[in-house]
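Colleague: This is the structure I want to talk about, given as C-alpha cells.
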Amino acid sequence: MERYECLCGYVYNEAAGIPDDGIAPGTKWEDIPEDFICPLCGMGKDGFTKM
C-alpha cells in the first residue's frame, strides 16, 4: 500500500483510508474521486505526491 503527501504535510495512507470521510481502509489513491480535497488544507488531488 502506498502513501501520498499533500503540500501541507497531510499524508493519505491507502492502508488506513479516511473512514470518517467515507474512504474505506485499503482504498487505492487512483480510486479516490477526482474531486477529493485534503482534509486539512482543502488542496485537490493534484497537490499530493507519492511518498
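Colleague: Please enumerate the residues belonging to region 7-37 that are open to solvent by 40 Å² or more (accessible area, probe 1.4 Å) and in a strand (DSSP E or B).
Modeller: VAL11, ASN13, ILE37
Colleague: So LYS50 clears everything in (1) in contact (Cβ under 8 Å) with a residue 24 or more places away in the chain; (2) surrounded by 10 or more Cβ atoms within 10 Å (Cβ to Cβ) except one condition, right? Which one?
Modeller: (2)
Colleague: Within region 38-47, can you find the residues that are in a loop (DSSP other than H, G, I, E, B) and either touching a helix residue (DSSP H, G or I) at 6+ places or on another chain (Cβ under 7 Å) or without any contact (Cβ under 8 Å) to a residue 24 or more places away in the chain (or both)? Give the derivation first.
Modeller: As a first pass, look at region 38-47 and keep what is in a loop (DSSP other than H, G, I, E, B): 38-43.
Matches in region 38-47: CYS38, PRO39, GLY42.
The values are calculated or read from the model by the stated rules, or taken from the named source; none is laboratory data. Every value quoted in this text rests on a predicted model; they were computed, and no experiment measured them. Reconstructed Cβ throughout: ideal geometry from the backbone, glycine too, with neighbour counts over all protein chains shown. These area figures cover heavy atoms from the full protein model, side chains too; ligands, DNA and RNA do not enter into them. Shrake-Rupley method; radii C 1.70, N 1.55, O 1.52, S 1.80 Å.
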